[in-house]
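See below for the structure under consideration.
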Amino acid sequence: MSDPYQISFAQAFLCSAFAACFAEFCTIPLDTAKVRLQLQKKVGIDDGVGLPKYKGLLGTVKTIAREEGISALWKGIVPGLHRQCLYGGLRIGLYDPVKTFLVGSAFVGEVPLYHMILAALLTGALAITIANPTDLVKVRLQAEGQLPTGVPKRYSGAIDAYLTILRQEGIGALWTGLGANIARNAIINAAELASYDKVKRTILKIPGFMDNVYTHLLAGLGAGLFAVFIGSPVDVVKSRMMGDSTYKSTFECFLKTLLNENFII
């Protein structure tokens, strides 16, 4: 399967890790707001609070910046960068080699969609299994702002969080929420990478479009929107498993959220 744009695994890993880290730094304020919104509903139900503290994405960003300072929006950036180096580098760096392995090195032509989906599922699951501890620490740091006034912060930073979890909860605790995280990232990776390939190839068939940065941006926007929509319910469960230690299993978290709060979004 010859491809003039084929690059090595090391090149793909480094390029995707760098791009993922850059994107993480730019978007983590929105991600922090997302995590607060995902964790908020359960807090409101348990405490009997009538009105939620956070309202909408931009409203949540404003509330965090006003109450905790603008730097609080970048809480979790260090483990977020750790995560993107591992997860972002592996999921994209391994995608083409795994895809080639599935169809065979002698294959010529357009790779079938189901092979793209399977390759993305496998690389997404493998990458997040390795990167799960970084995701756990990131979510916990992002959730710290929800602690009641007067309650001391559990962690002073990313390294302290890794060490504290390891010391107090054991090494296995670093993989808390792994089931939900594998499901979330395998689904999102499959939806994102497979649809990106498909959308890009469809765009390139339109007269006037070439394989350039604009085509890649359009394909990426389409793939990203589709992936977020598909993966959102599992993402809520993943955040709650990592941010709230009261859940005993992924299934329990999913079931309680579904029964108590209806559709998971």
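The values are calculated or read from the model by the stated rules, or taken from the named source; none is laboratory data. All values reported here derive from a predicted model rather than from experimental measurement. So basically every Cβ, Gly included, is an ideal-geometry build from the backbone, and we count neighbours across all protein chains shown. The protein model used for the area step is the full one, side chains on, heavy atoms only, and it has no ligands, DNA or RNA in it. Shrake-Rupley method; radii C 1.70, N 1.55, O 1.52, S 1.80 Å.
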- line: Filtered hits (lysines, Cα-Cα < 21 Å from K198, offset >= 8 within chain) -> K99
- line: With a ≥ b ≥ c from the Cα gyration tensor eigenvalues, square-rooted, and the rule rounded for a/c under 1.5, otherwise prolate when a/b > b/c and oblate otherwise, region 94-218 is prolate
task: For region 90-184, give the percent of accessible area contributed by carbon and sulfur heavy atoms, probe 1.4 Å, rounded to a whole number.
output: 69
- prompt: For K75, what accessible area in Å² do you get when you roll a 1.4 Å probe over the heavy atoms of the protein chains, rounding to the nearest 10?
  reply: 60
- prompt: Taking springs between alpha-carbon atoms closer than 10 angstrom, which of Q38, Q84, Q146 fluctuates most in the Gaussian network model of the chain?
  reply: Q146
task: About the Cα centre of the chain, how large is the charge dipole given +1 on each Lys and Arg Cβ and -1 on each Asp and Glu Cβ? Please answer in debye to the nearest 20.
output: 440
statement: Expressed as a whole-number percentage, the relative contact order of the chain with C-alpha contacts under 8 angstrom and at least six residues apart is 20
statement: Highest GNM mean-square fluctuation among P148, P52, P207, for the chain with Cα springs under 10 Å, belongs to P207
message: Roughly how far apart, in whole Å, are the Cα centres of region 191-218 and region 62-102?
response: 24
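Under the classification rounded if a/c is under 1.5, otherwise prolate if a/b is larger than b/c and oblate if not, where does region 177-264 fall, given a ≥ b ≥ c as square roots of the Cα gyration tensor eigenvalues? Before the final figure, lay out each step's value.
Details: a/c = 4.13, a/b = 3.21, b/c = 1.29.
In terms of gyration-tensor shape, prolate.
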task: Please work out how much accessible surface L57 shows to a 1.4 Å probe, ignoring ligands, DNA and RNA, in Å² rounded to 10.
output: 80
task: Report the one residue of L178, V108, L141 whose Cα lies farthest in the direction of the positive end of the charge dipole of the chain (charges on C-beta: Lys and Arg +1, Asp and Glu -1; origin at the Cα centre).
output: L141
- prompt: Relative to the first principal axis of the alpha-carbon coordinates of the chain, what is the inclination of helix 113-143, with its axis defined by its Cα atoms, in degrees from 0 to 90 and to the nearest 10?
  reply: 30
query: Taking only protein heavy atoms and a 1.4 Å probe, what accessible area per residue, in Å², does the chain have with all protein chains in place?
result: 53
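Please work out whether the chain counts as rounded, prolate or oblate from its C-alpha gyration tensor, where a ≥ b ≥ c are the square roots of the eigenvalues and a/c under 1.5 means rounded, while otherwise a/b larger than b/c means prolate and anything else oblate? Display every interim value, and only then the final one.
On the way: a/c = 1.93, a/b = 1.79, b/c = 1.08.
Cα axes put the chain in the prolate bin.
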field: Protection proxy ranking, peptides 27-35, 222-230, average beta carbon neighbours within 10 Å, highest first
entry: 27-35, 222-230
- prompt: Just V139, V78, V111 to compare: in a GNM of the chain, with alpha carbon springs under 10 Å, which one fluctuates most?
  reply: V111
- request: Would you mind checking the tilt of helix 178-189 against the longest principal axis of the Cα atoms of the chain, expressed as 0 to 90 degrees and rounded to 10?
  value: 40
- request: Could you tell me how many degrees, from 0 to 90 and to the nearest 10, lie between the Cα long axis of helix 158-169 and the main elongation axis, the longest principal axis, of the Cα atoms of the chain?
  value: 70
